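The values are calculated or read from the model by the stated rules, or taken from the named source; none is laboratory data. Here the structure is a predicted model, which means the values were calculated and not measured. In this analysis, Cβ positions are derived from the backbone assuming ideal geometry, glycine residues included, and neighbour counts consider all displayed protein chains. These accessible areas exclude ligands, DNA and RNA; they are computed on the full protein's heavy atoms, side chains included. Shrake-Rupley method; radii C 1.70, N 1.55, O 1.52, S 1.80 Å.
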Amino acid sequence: MLWIILALRYVVIMLLYIFFIDLLLHLKRRAGNKEIYPKHSLAVLASGCFSVNVGRKWDIENETVIGRDPGCSISIPDPYVSSRHARLFKVNGIYMAEDLGSSNGTFLNGKRLVGPTPVKPGDRLRIGHVVFEFNSSLRIRENRGRGISSLFLYPGLILAAGGVALYFNRFLTPHHFAVLLSVALFLSISSLLSFIKGRGDPLIFLLIGILSSLGLIFLYRINPAFGLRQSYWVLTGITAFWITRIFLRHYERLTEYKYLFMALGVLFLLLTILLGTEAGGARSWLSLGSFRFQPSELVKIFMVIFLAGYLDENREILTRGTRKLGPFLVPDWPYLGPLLAACGLSLLLLVFQRDLGMAFLFFAIFLTMVYAVTGRLSYLLSGVLLFAAGAWLMFLIFPHVQERIAVYLNPWEFSDSGGYQIIQSLFALGGGGVLGWGLGSGFPELIPAVHTDFIFPLLGEELGLAGTLGIVFIYAVLIWRGLQIALVNPEGFGRLLAFGCSSLLALQALIILGGVTNLIPLTGIPLPFLSYGGSSFVSNCFLFGILTKISEGE
Amino acid sequence: MQKSIKGFRFFIIGCFVLYAIYLVYFVIWRGPVLNRESANPRPWILENRIQRGGIFARGGEKIAESIAVGEHFFRKYYFGRIYAHITGYESRRLGKTGLESSYDSQLLGLKGSLKKSLEVRWGVKGIRGNDLYLTIDHQLQLKAWDLLSPYTGAAVVLNPKTGEILALVSSPSFDPDPLYLEKNWETVKREPGHPLVNRATVGLYPPGSTLKIVTAAIGLKKFPGIESYVYDCSGEIKIRGRILKDLRAHGLVNLKRALAVSCNSYFANLGLRVGAEDFASGLAAFGWGKDYSLDVPAEPIPFPKDSFAKLEGLAEAAIGQGKIVVSPLFMAMVAGTIGNGGVMMKPYLVREIRSHEGSVIWKGQPQVLRVAVSSDIAAKVRDAMIEVVKSGTGVAAALPGIEVAGKTGSAENPTGEPHAWFVAFAPARDPRVAVSVIIEHGGQGGRAAAPIARELMRMALARGWL
């Protein structure tokens, strides 16, 4: 009997690997299931109209009306355009253009349209002062047959199994156990819904669910009080995820509020500096009564939305550059200015909060997104140089940065002071071996901040290499799927937003994973979906809600 | 944008793959090393969940034990310094020494038991280690301590037929109590007598005249029949300007007589005649320069072969001076070898390992270490050694009714009075006990060391079990 209860400590890792096998089988089944379909769009080639930028692109499907009226699918506020000017429509798979009795006429390749005329890819359509090009391309769509996969069971199953193991090994009271089981049920229902409802990628939620389950199990294991509070955060976060998916009908419209988001972000950071409370050396918390949250976690979403919107809008100019600076072409100040100002300001504010990990994350996400849009290595390199200069400055200004670097270079020298945490983390990771010592058999009490930034070493100690590799694998799959969503998205903003969400997760995970193994200097940020912390969990849920929304496509 | 996103994806997934590879490397290669780091409290916490096994003398007398106080265990040593060099100590801060170190996994009961290791990890209560039962005879050990503690020195008593160590003391000694030791570590470490050093096994001294039993054996092997030849001792021998003195001119002596009176001239001459090469191979046959392992740390005996190249170096070596050094334990083994017909047994301290429930898990077996000389030669040396105690320098070791074979030694040394040596075995024709005693700066071996050896042999032979 004793041995049965003790063997329960290995159930979580066993289930995790059964999940992986099931997941791979699922992906293999789906792989062959693809569909090729044509996709048509109108792109602005030249524009004499203020609010219609060159390069702007509209996807067209079935019938598309162009006119001055805001209700039109393509609305052009040009006085030379009639309120309902022309339309494109599909007959037997062929698109036809037709003038709708406009005053100034519609021109196809320079010829005024009389009656419905077929349009071919490459044809130019002039309406008022705007010239469109009709484009057509073939796209591959993964056909996600709606069938329910048994995969949806796993998040809840793993959490419940962990709960049983903890309960019978006397880590939990019946009350904690009951809450845990309810969360497990909630997770399973949620992932079932993500499989049967909507068209988004169901794996995103599934993987988040697995990570949250593992995180919850270990938080209950470290201290049931942490687990209990995190349970409520998980419920809140998942609710936030669904709210995002249900109420954010057109994620494209987020771009319209990009400046608002940025302003809110800067305001939040400012408020934190003015009214914030300090914890762990960083002044990065806002308290509202007994409720505390970390505004920078929310600001990172705003930042990604702002960057996606702004970069998409000014893509051409930023890519090509208009002014010569030495051998380089750089964009003019009116385009570069707001970008640098927004990012520089947030960085500065974060530095004032002494939240350097977050500052590093912001800078990295800024750089990757600029690189993604422009594809210019010179931006990336100058960014890295700028980072090096900034880091050197931090090193000179902040004694705690100097200490961090000293500890990073030789933690053994500081084994009972600044290096204690990292050394204990290494001991835990190394001591776990391949299979770990089983859930509940490690020494979380030896690692400070084990429930937040340092949860990974504990996972390593108790689930072993099998567990840590599994977690790395889940992150990699999640990021791969996210970037895939970005790649298949036809539209600039959506693509950038999806890219931003996934790379934010990737960078966060890498910064803290590298930190706890002393591969890079330690900067304390939570491990997404695993670490204790409501702000981080809920804001990551928002991000992935948006990502799933983008994956729904049109 | 497609291209740069794909580039980024390649980069970031690459980062995760490299990270995974690093994790594998870290856990497989670095993990085991980190587990042994002194800054790692985990092994210690785990060990402290186990009630470490006890250490018992041959007759079951309790020497060391772990006592539960609340959640923790405390190591208690019942005879403190008397056994300190055998048991060693066990402390979180100072580490482990002696049997506590060499039999650590046995005392914890973890050796070869995955089940137990897992139970310890999982916090199963009431896990107990295995008990060590030593070859040490408790009464003899107490006696040895009584006799030795007034001096600086060491004594070893063993059974020449089996290699079992019956008593082993080194004086001065220390209190192995972990709490005391942790508190007074700096003072204990700096004490002038170096109490932490186990003189019996790692102390290296010139053997002085006790080495003559080895020289005699080597001579007998090279020149069969040499025992009937006589040598005229003039009181000194001159080798290339170096003069080796005797206490007096012994006149005409044969091998037996020369050993009995410990004639330096005779043995220096014998060494020279044997020659450097055969002398060196003779020493090697006894185990000089070869490793031998013991349950507690023991120093291998150095082999200063090169010093025999010079004639004066060879002559000095033949009478146990010069560069040649031995440990008291090794000298007891050499004496025992003569008594045991030339066969050297492997010395050992742990007779049995028993589980907490009492079942015997492991039993120490007598093992032949090497055959040093033939039994004929051993018998001739033995006869000469009997003469030492009967009528020579070692009369102080004589026991009524029991024939004792022994050899005295007074080892010249640069720091003061000679070290007093005595090695012996008894009963001479069927020895059950061999001893080696050294008193640092004790002067004449026959006077200072021989009586101690006698008492040890008397007591050992009086114990019923031998």
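Would you say B:A332 is more than 30 Å from B:L110 (Cα to Cα) and within 18 Å of the chain's Cα centre (by Cα)? If you could, list the steps in order and put the result at the bottom.
On the way: more than 30 Å from B:L110 (Cα to Cα): yes; within 18 Å of the chain's Cα centre (by Cα): yes.
It is true that B:A332 is more than 30 Å from B:L110 (Cα to Cα) and within 18 Å of the chain's Cα centre (by Cα).
Restricting to the range B:14-57, count the residues that are basic (K, R) and within 10 Å of chain A (Cβ to nearest Cβ).
2
Out of all the residues in the range A:494-533, which are open to solvent by 10 Å² or more (accessible area, probe 1.4 Å), of a type outside the set (V, I, T) and either more than 30 Å from A:F395 (Cβ to Cβ) or more than 12 Å from chain B (Cβ to nearest Cβ) (or both)?
Matches in the range A:494-533: A:R495, A:P521, A:L522, A:G524, A:P526, A:Y532, A:G533.
In the range B:148-161, is there at least one residue being in contact with a strand residue (DSSP E or B) (Cβ under 7 Å, 6 or more places away or on another chain), under 23 Å from B:K96 (Cβ atoms) and surrounded by fewer than 16 Cβ atoms within 10 Å (Cβ to Cβ)?
So far as the range B:148-161 goes, no, none of its residues is in contact with a strand residue (DSSP E or B) (Cβ under 7 Å, 6 or more places away or on another chain), under 23 Å from B:K96 (Cβ atoms) and surrounded by fewer than 16 Cβ atoms within 10 Å (Cβ to Cβ).
For the range A:306-386, which helices (runs of 4 or more DSSP H) that fit wholly inside it have 1 or more residues that are more than 21 Å from A:R495 (Cβ to Cβ)?
Here the list reads A:333-352, A:356-374.
Just give me the residues in the range A:441-455 being open to solvent by less than 10 Å² (accessible area, probe 1.4 Å) and at the interface with chain B (Cβ under 10 Å from one of its Cβ atoms), in sequence order.
A:S441, A:G442, A:F443
List the pairs whose first member sits in the range A:507-534 and is over 20 Å from A:F366 (Cα atoms), whose second member is part of a loop (DSSP other than H, G, I, E, B) and open to solvent by less than 10 Å² (accessible area, probe 1.4 Å), and whose Cβ atoms are under 6 Å apart, counting only residues at least 6 apart or on separate chains?
A:V516/A:F454
Just to be sure before I move on: is A:T548 away from chain B (no Cβ under 13 Å), surrounded by fewer than 21 Cβ atoms within 10 Å (Cβ to Cβ) and polar (S, T, N, Q) in the structure I sent?
For A:T548, the condition - away from chain B (no Cβ under 13 Å), surrounded by fewer than 21 Cβ atoms within 10 Å (Cβ to Cβ) and polar (S, T, N, Q) - is not met.
When the residues of the range A:482-491 are filtered to those that are assigned to a helix (DSSP H, G or I) and touching a strand residue (DSSP E or B) at 6+ places or on another chain (Cβ under 9 Å), which remaining residue is farthest from the other protein chains (Cβ to nearest Cβ)?
A:V488
Report, ordered by the first and then the second residue, all pairs with beta carbons closer than 6 Å, sequence separation of six or more or different chains, a first member in the range B:371-387 that is over 17 Å from B:V343 (Cβ atoms), and a second member that is open to solvent by 10 Å² or more (accessible area, probe 1.4 Å) and assigned to a helix (DSSP H, G or I).
Pairs found: B:A384/B:K256; B:E387/B:K256.
How many of the residues in the range B:168-226 are among the aromatic types (F, W, Y) and closer than 19 Å to B:A332 by Cβ?
Here the count works out to 1.
Please list, ordered by residue number, the strands (runs of 3 or more DSSP E) wholly in the range B:331-403 having 3 or more residues that are aliphatic (A, V, I, L, M) and farther than 15 Å from B:I165 by Cα. Walk me through how you get there before you give the answer.
On the way: elements: B:343-345, B:350-354, B:360-363, B:368-371.
By residue number, no strands (runs of 3 or more DSSP E) qualify.
State the number of residues belonging to the range B:58-78 that are in contact with a helix residue (DSSP H, G or I) (Cβ under 8 Å, 6 or more places away or on another chain), in a loop (DSSP other than H, G, I, E, B) and either aromatic (F, W, Y) or within 30 Å of B:K125 (Cβ to Cβ) (or both).
Initial filter on the range B:58-78 (in contact with a helix residue (DSSP H, G or I) (Cβ under 8 Å, 6 or more places away or on another chain)): B:58-59, B:61, B:63-64, B:74-75, B:77.
With the extra rule that they be in a loop (DSSP other than H, G, I, E, B), the set shrinks to B:58-59, B:61.
Of the ones still in play, those that are also either aromatic (F, W, Y) or within 30 Å of B:K125 (Cβ to Cβ) (or both) are B:61.
The number of residues fulfilling the criteria is 1.
Test A:I479 against the stated conditions and say whether it is in a helix (DSSP H, G or I), open to solvent by less than 30 Å² (accessible area, probe 1.4 Å) and either in contact with a Pro (Cβ under 6 Å, 6 or more places away or on another chain) or among the charged types (D, E, K, R) (or both).
So A:I479 fails the test.
Mind checking which residues of the range A:211-246 are among the small types (G, A, S) and in contact with a helix residue (DSSP H, G or I) (Cβ under 6 Å, 6 or more places away or on another chain)?
Correct list: A:S212, A:S213, A:G227, A:S231, A:G237, A:A240.
Give the range A:457-476 a look and list any residue that's more than 7 Å from chain B (Cβ to nearest Cβ), closer than 15 Å to A:L513 by Cβ and open to solvent by 10 Å² or more (accessible area, probe 1.4 Å), or say none.
Result: A:F473, single match.
Taking B:V253 and the conditions (1) within 20 Å of B:V373 (Cα to Cα); (2) surrounded by fewer than 22 Cβ atoms within 10 Å (Cβ to Cβ), which numbered condition does it fall short on, given that it satisfies the others?
Every listed condition holds for B:V253 apart from (1).
Starting from residues that are part of a helix (DSSP H, G or I) and among the hydroxyl-bearing types (S, T, Y), keep the ones in the range B:87-145 and report whichever is farthest from the other protein chains (Cβ to nearest Cβ).
B:T87
Would you list the helices (runs of 4 or more DSSP H) that sit entirely within the range A:179-294 and hold 2 or more residues that are open to solvent by 50 Å² or more (accessible area, probe 1.4 Å)?
A:224-247, A:258-275
Given the criteria at pLDDT 95 or above, surrounded by 18 or more Cβ atoms within 10 Å (Cβ to Cβ) and among the hydrophobic types (A, V, I, L, M, F, W, C), does B:L168 qualify?
yes
Going by the structure shown, is B:L220 out of contact with any Phe, Trp or Tyr (no Cβ under 6 Å at 6 or more places or on another chain) and modelled with pLDDT under 90?
So B:L220 does not fit the description; no.
Residue-by-condition table, conditions (1) open to solvent by 30 Å² or more (accessible area, probe 1.4 Å); (2) part of a strand (DSSP E or B); (3) closer than 13 Å to B:T393 by Cα; (4) out of contact with any Gly (no Cβ under 9 Å at 6 or more places or on another chain):
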| residue | (1), (2), (3), (4) |
| --- | --- |
| B:E412 | yes, yes, no, no |
| B:E417 | yes, yes, no, no |
| B:F425 | no, yes, no, no |
| B:V435 | no, yes, no, no |
| B:G446 | no, no, yes, no |
| B:L456 | no, no, no, yes |
| B:A460 | no, no, no, yes |
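Answer yes or no: is there a residue in the range B:392-406 that is within 20 Å of the chain's Cα centre (by Cα) and either within 26 Å of B:D278 (Cα to Cα) or not aromatic (F, W, Y) (or both).
yes
Which condition breaks for B:K76 when tested against (1) open to solvent by 60 Å² or more (accessible area, probe 1.4 Å); (2) at pLDDT below 85?
(2)
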